[in-house]
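The values are calculated or read from the model by the stated rules, or taken from the named source; none is laboratory data. Nothing here was measured: the structure is a model prediction, and the numbers come from that model. Using ideal geometry, Cβ is built from the backbone for each residue, glycine included, and neighbour counts are taken over all protein chains shown. Accessible surface areas use protein heavy atoms only, side chains included; no ligands, DNA or RNA. Shrake-Rupley method; radii C 1.70, N 1.55, O 1.52, S 1.80 Å.
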Amino acid sequence: MIWLKALVISSLLLWLPGGIALAQDTVSYDDVEFFSEEELAEELDSVAETAPQDAADTAAIHTAAGDGVADNPESKSLWAIFIAGFIGGFAALLMPCIFPMLPLTVSFFTKSSHSRSKAVGQALLYGLSIIIIYVALGLIITVSFGADALNSLSTNGIFNMLFFILLVVFAISFLGAFEITLPSSWVNKMDAQSDRGGLVGLFFMAATLAVVSFSCTGPIIGTLLVQAATMGELLGPAVGMFGFSLALAIPFALFAMFPGWMKSMPSSGGWLNSVKVTLGFLELALALKFLSNVDLAYHWNLFDREVFLVLWIVIFGLLGIYLLGKLRFAHDSPIQHLSIPRLFLSIMVLSFTLYMVPGLWGAPLRAVSAFLPPQATQDFDLYTTSFGGGVHSGGATQGSSPRKYGDIFHAPLNLDVFFDYDEGIQYAQSVDKPVMIDFTGHACVNCRKMEASVWPEKEVYTLLRNELVIIQLYVDDKTALPAEEQYVSAFSGKNIRTIGNKWSDVQASKFNANSQPFYVLLDPNTEQVLIEPKGADYNVESYRSFLQSGISAFKQ
């Protein structure tokens, strides 16, 4: 989703008046679960008590897993969070609450200082104050909850629903229904302190900007913190806030250094509200992903692929019509003529809308497949039937017996897949084929991307279908295990109550890994790993080579 927001936001910058042009890893939902208030309180207490140990365990798991999991996935996630924050900061700069304040603030520095060097120094301190304020907000969130608590809360069913509702509220706010504001008393106190002068005065000037602009920046910051939380990184909120505040602070410092640049800035006007409304549409589209995660994990079957696509098609279609000036909201100014950059942006959005339409009949839509519900949730799918082999609803190919859990899981691309470890191993022994264990998840975007963009390739699909026994294990499924199959993990000491708990425990205890997708090639007779496991790899030849190496090792 980060790339999609980046594309639209960066495109927005192309149609500003004056022609100004400015130049994610697996999200693992390991423990999405609904709790009663009492159970939630117990869970939070448990997280608080075990956080240091769990953090150490996680570090040990990543160390033991080595490059087979990913090349420093934590670092990649933090970079993704930083980039999202940086883009969000530039988007916030174009909000009606902030953009008009830019020339006023810079003018204050240049007029109140006796020299240009002093004005530049004050602007730099002002920008630094902005960064300190927002990074402090991120650190407060991190210290208050901790990495494990952030991951536990963000992947919990209740909080996914709250995130969905929160983003919808943000979207409605951006569309102009109301403004999210902080108490006026806070603004007055900050403004009074900013008159003190010196470093303290500059700091409170920055704090006043943060408070006054909250109606515009609040939804962006809220979305950013939600994204950071869903990645479960310890420093995620702080890194996201650093990227956001850095993008917000840079223009103030640059325009103070080069006041002449202010003349080339577009004047404030209706285009500022257009940016805000556009972000509102994007917030609404992003919110649907959180609702989809919960629907998949609990098998509600209310939010299938075609339902998701219809909503996205409508949302982006309305956005394209809005950019053409054919749809107006309460705070929009009349569009006398359509600018060329705005026309090009509407072409991009409407083209993207039309691109999604064939998906209603099963087209794989590889560009966005990572964010869509799995292909198997589609009721009318002409694409998957082209692979032949036919899969019954019971999860077994024609002529074979029903698979365990085949009534709730569905194989991608009509592959003959098992969803239970022991059942798959026994079958592989009987047919004398190597096993590929695919640790996956309903909310795993990289898993869906692999299944949509790499697995269908002929050289890969042939190996998957003919040379391997595939066992797909969903680590975030919420289906309860029968009472006799529930147990306490010897590895983590946690209660294993659901199918997802069970396979997550198997992945961690057997293979020292906790990220998805995670592909393990096994000899079914010895249950020994044939070659080093692998995470997501979108290079078709590299992934084919990985599969072929495991098959060759088994035959030897």
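Here's a check for you: in the stretch 253-308, which residue that is of a type in the set (Val, Ile, Thr) and farther than 30 Å from Leu125 by Cβ is modelled with the highest pLDDT?
Val307
Please go through (1) open to solvent by 30 Å² or more (accessible area, probe 1.4 Å); (2) part of a loop (DSSP other than H, G, I, E, B) for Ile347 and return the number of the only condition it doesn't satisfy.
Here Ile347 clears every test but (2).
Restricting attention to the stretch 433-451, does a residue exist that is within 17 Å of Lys555 (Cα to Cα) and outside any strand (DSSP E or B)?
yes
Consider the stretch 491-526. How many of its residues are part of a loop (DSSP other than H, G, I, E, B) and either hydroxyl-bearing (Ser, Thr, Tyr) or more than 24 Å from Val431 (Cα to Cα) (or both)?
12
Is there any pair with a first residue in the stretch 368-395 that is modelled with pLDDT of 75 or more and a second that is acidic (Asp, Glu) whose Cβ atoms are under 7 Å apart and which are 6 or more apart or on different chains, and what are they?
As it stands, the answer is Pro373/Asp304; Gln375/Asp381; Thr377/Asp304; Gln378/Asp304; Gln378/Glu306; Asp379/Asp304; Asp379/Glu306, since those pairs meet every condition given.
Kindly indicate whether Leu125 is farther than 30 Å from Lys494 by Cα, at pLDDT 75 or above, in a helix (DSSP H, G or I) and not basic (Lys, Arg).
yes
Which condition breaks for Gly325 when tested against (1) over 20 Å from Ile221 (Cα atoms); (2) open to solvent by less than 60 Å² (accessible area, probe 1.4 Å); (3) in a helix (DSSP H, G or I)?
(3)
Checking Ala443 against (1) buried (at least 23 other Cβ atoms within 10 Å of the Cβ); (2) touching a Pro at 6+ places or on another chain (Cβ under 7 Å), only one condition comes out false. Which one?
(2)
Check Phe159, Phe178, Phe163 and return the single one that is at pLDDT 70 or above and open to solvent by less than 40 Å² (accessible area, probe 1.4 Å).
Phe163
Given the criterion crowded, with 23+ Cβ neighbours inside 10 Å, more than 30 Å from Gly406 (Cα to Cα) and not charged (D, E, K, R), identify the matching residue among Leu296, Leu279.
The unique qualifying residue is Leu279.
For the stretch 328-343, give me each residue that is within 14 Å of Thr278 (Cβ to Cβ), of a type outside the set (Lys, Arg) and in a helix (DSSP H, G or I).
Pro341
Regarding Tyr405, is this residue crowded, with 17+ Cβ neighbours inside 10 Å and either at positive phi or out of contact with any helix residue (DSSP H, G or I) (no Cβ under 8 Å at 6 or more places or on another chain) (or both)?
yes
If we scan the stretch 306-317, do we find a residue that is under 16 Å from Ile347 (Cα atoms), open to solvent by less than 10 Å² (accessible area, probe 1.4 Å) and over 24 Å from the mean Cα position of the chain (by Cα)?
So far as the stretch 306-317 goes, no, none of its residues is under 16 Å from Ile347 (Cα atoms), open to solvent by less than 10 Å² (accessible area, probe 1.4 Å) and over 24 Å from the mean Cα position of the chain (by Cα).
Considering only residues that are surrounded by fewer than 22 Cβ atoms within 10 Å (Cβ to Cβ), over 10 Å from Phe242 (Cα atoms) and of a type in the set (A, V, I, L, M), which ones fall in the stretch 117-136?
Ala119, Val120, Leu124, Leu125, Leu128
Taking the stretch 515-551, which residues are open to solvent by less than 40 Å² (accessible area, probe 1.4 Å) and among the polar types (S, T, N, Q)?
Scanning the stretch 515-551 gives Ser515, Gln516.
Regarding the stretch 472-490, can at least one residue be identified that is within 19 Å of Thr440 (Cβ to Cβ), of a type in the set (S, T, N, Q) and either out of contact with any helix residue (DSSP H, G or I) (no Cβ under 6 Å at 6 or more places or on another chain) or in a helix (DSSP H, G or I) (or both)?
Yes: the stretch 472-490 contains one or more residues that are within 19 Å of Thr440 (Cβ to Cβ), of a type in the set (S, T, N, Q) and either out of contact with any helix residue (DSSP H, G or I) (no Cβ under 6 Å at 6 or more places or on another chain) or in a helix (DSSP H, G or I) (or both).
For Thr353, all conditions in the list (1) among the β-branched types (Val, Ile, Thr); (2) at pLDDT below 80; (3) under 25 Å from Val310 (Cβ atoms); (4) open to solvent by less than 40 Å² (accessible area, probe 1.4 Å) hold save one; what is the number of the exception?
Failed condition: (2).
Name the one entry in Tyr543, Tyr461 that is modelled with pLDDT of 90 or more, touching a helix residue (DSSP H, G or I) at 6+ places or on another chain (Cβ under 9 Å) and closer than 24 Å to Arg403 by Cβ.
Step by step, each of Tyr543, Tyr461 is checked, and only Tyr461 is modelled with pLDDT of 90 or more, touching a helix residue (DSSP H, G or I) at 6+ places or on another chain (Cβ under 9 Å) and closer than 24 Å to Arg403 by Cβ.
Residue by residue through the stretch 504-516, note down the ones that are under 20 Å from Gly406 (Cα atoms) and over 23 Å from the mean Cα position of the chain (by Cα).
Once the filter is applied, which keeps residues that are under 20 Å from Gly406 (Cα atoms) and over 23 Å from the mean Cα position of the chain (by Cα), the stretch 504-516 yields only Val506.
Restricting attention to the stretch 480-501, which residues are under 26 Å from Asp407 (Cβ atoms), open to solvent by 40 Å² or more (accessible area, probe 1.4 Å) and not small (Gly, Ala, Ser)?
The answer is Pro482, Glu484, Glu485, Gln486, Tyr487, Asn495, Arg497.
Can you pull out every residue in the stretch 356-374 that is in contact with a Leu (Cβ under 7 Å, 6 or more places away or on another chain) and assigned to a helix (DSSP H, G or I)?
Result: Met356, Gly359, Leu360, Trp361.
Can you pull out every residue in the stretch 364-390 that is more than 23 Å from the chain's Cα centre (by Cα) and closer than 23 Å to Ser292 by Cα?
Passing the criteria: Asp379, Phe380, Asp381, Leu382, Tyr383, Thr384.
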